[in-house]
Amino acid sequence: MESSRTKVVIIGAGPAGLLLGQLLQKCGIDHVILELRSAEYVLSRVRAGVLEQPTMAALREAGVATRMDREGLPMTGFDLMWEDRRAHINFSLAGKCVMVYGQTRITEDLMQARQATGGITHYETTNVQPHDFDTEQPWVSYEKDGRQFRIDCDFIAGCDGHHGVSHKSVPKDRIKTYDFAFPFGWLAILADVPPVSEQVAWINHPDGFVMCSLRSKTRSRYYFQVPVDEDIKAWDADRFWGEYRRRLPTSLAERLVTGPALEMSFTPLRSTVNTPMRFGRMFLAGDAAHIVPPTGAKGLNMAIADARRLFEGLKQFYHGGGGHMEQLDSYSDDALARVWKAVRFSWWMTNLSHRLSDNPFNRQMQLAELEYISGSVAAQTTIAENFCGLD
């Protein structure tokens, strides 16, 4: 087994791992990123695209915001729609704004910056395993190209997602998982067509949720609700467009432009939180610690916030003098205080906008809630505050 040493080993090259790596790189803290997939595969994953202000600030701090600031689309609010009615949620009520900029572009920006600064990332690694993270001498083993490697380190950052090895390496009696799976998911299409609406819209339809989203002025991403056991292979672009148009309010259906699918995908909706987010000298960040339905646009922003918080703790340890651990010691509690609020908002938005069951009582409660929101500035302010991200 070939051995080496670094200060921080980051497992996972998604947004959380790449951002943490870029911040560490700028700060001169040695580290290595290990990723199961190829760089091409990581870049092929189409994900979220709504950025909160702290996320934008973190990308600027990492020096990877030039294209975001040039091409990102400011989002000043969104529409809640139902039965040809509309409630506009204006973010100015919260004194904030967000930006539409795709996660794939963020990943690409981070990868390019990492390559330019000489950061070390090992892609297509297998059998990655963290060891001895309860001691002051943790290490990580992995295989690549048929060879075995060992990296000794001071800390391990588990940024390898819900299916990754980091949280699975923790003894079951030391980690508690809170999990709730909705009985439905989102069927999505990505297409080079102009957005049907200048405002992103969440639409409550009797037959299931519909969403109008955009990635640019010429690229749109649309979703609608289907049962979690839906046969996705039965859907093609033509069938998608037909059902999507049927569920749209008339005012939007008349403006819908269709086109070939660049990508079609299915996302099951679930909420999962692993607690705590620290185990000795291993820290969980991003989807390794929590996943949420995309209804509240929180997943990417939560991952970036985790990475930013963890970086501050590592910077204090290495550059604060004396190896101080205060911020690392409080990382899990601080992160979870924010995480649970974001999970709550995503859960609430999902319950408000989706067909929950065949029970008509649920539908009437949703309509009553939507009517209340449409006439209450206080309710709209609460939604704006949560959507834009709580401090």
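Taking the helices alone, the chain has a mean residue ellipticity at 222 nm of -11000 deg cm²/dmol, built from -39,500 (n - 2.57) per DSSP H run of at least 4 residues and averaged over all its residues. By DSSP, the beta bridges lying fully in the chain are antiparallel in about 70 percent of cases. Taking the alpha-carbon distance from K172 and a cut-off under 12 Å, which aspartates and glutamates remain once sequence neighbours fewer than 8 residues away in the same chain are dropped? Straight-line reach from K172, under 12 Å: no aspartates and glutamates qualify. When each of C388, C159 is scored by the number of other beta-carbon atoms lying within 10 Å, the sequence from fewest to most is C388, C159.
FRET efficiency for the pair N90 and T177, taken as 1/(1 + (r/R0)^6) with r the Cβ-Cβ distance and R0 = 51 Å, rounds to 0.85.
Three principal axis extents describe the C-alpha atoms of the range 189-304; from largest down they are 56, 32, 26 Å.
If you fit an axis through the alpha-carbon atoms of helix 237-247 and take the longest principal axis of the Cα set of the chain, what angle between them do you get, 0 to 90°, nearest 10? Tilt of helix 237-247: around 60 degrees. When the alpha-carbon atoms of the chain are used, the pair Rg, Dmax equals 21.5, 66 angstrom.
Full extension of the chain between Q364 and I232 yields a length gain of 44.5 nm, computed as 0.36 nm times the residue separation minus the alpha carbon distance.
The order of E371, E385, going from fewest to most other C-beta atoms within 10 Å of their C-beta, is E371, E385.
With each label modelled as a point 7 angstrom along the Cα→C-beta vector, the R5-R239 pair spans 5.9 nm. For N127 paired with R37, estimate the spin-label separation in nm (one decimal), with each label point 7 Å from Cα along the Cα-to-Cβ line. Going from the N127 label point to the R37 one covers 2.4 nm. Relative to the dominant Cα principal axis of the chain, helix 103-117 is inclined by about 30°. Reported to the nearest whole Å, the Cα centre-to-centre distance from the range 179-229 to the range 332-348 is 23.
Read-outs: derived from the displayed coordinates by stated rules, not from any lab. Since this is a predicted model, take the numbers as computed values, not measurements. All Cβ positions, glycine included, derive from the backbone under ideal geometry; neighbour counts span all protein chains shown.
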